[in-house]
Amino acid sequence: MRKHWIKKAVFIPFIVAAALIVFGGLVMLLWNSILPGLIHVGQITFWQAVGLLILSKILFGGWGHRGSGWGHRRHQWMHMSEEEREKFRAEWKHRCSPQQNS
């Protein structure tokens, strides 16, 4: 059993490196083929594309908090009573409605 995990651990750096090369190259290719003509920005290098991937992961991807997505919220909603749902709706209606100056 332990040897199985050791074999997996050996391949993980290769898989990460391959994914980095593929996705970095894809971002670079898409950026350089679309954005310079569309919004007149310069072309980027491979390493800039990798940096852009890492930055987007930090800003938009989080760090593996699996309970924060829509599926988790839907799961919570499914387990609420009607009274809790109504309270939730009222709270969000209050939060999302424009503030009226009195």
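The values are calculated or read from the model by the stated rules, or taken from the named source; none is laboratory data. What you see is a predicted model, and the numbers here were worked out from it, not measured in a lab. Here the Cβ positions follow ideal geometry from the backbone for every residue, glycine too, while neighbour counts run over all protein chains shown.
Looking only at the stretch 12-45, filter to residues that are among the aromatic types (Phe, Trp, Tyr) and surrounded by 13 or more Cβ atoms within 10 Å (Cβ to Cβ); which one of those is nearest to the chain's Cα centre (by Cα)? Filtering first and then ranking leaves Phe23. In summary, helices (runs of 4 or more DSSP H) completely within the chain and bearing 3 or more residues that are at pLDDT 95 or above occur at 2-39, 46-56. Cβ separations smaller than 7 Å between residues 6+ apart or across chains give the following pairs from the stretch 39-51 residues that are in contact (Cβ under 8 Å) with a residue 12 or more places away in the chain to residues that are of a type in the set (Phe, Trp, Tyr): Ile44/Trp31; Ala49/Trp31.
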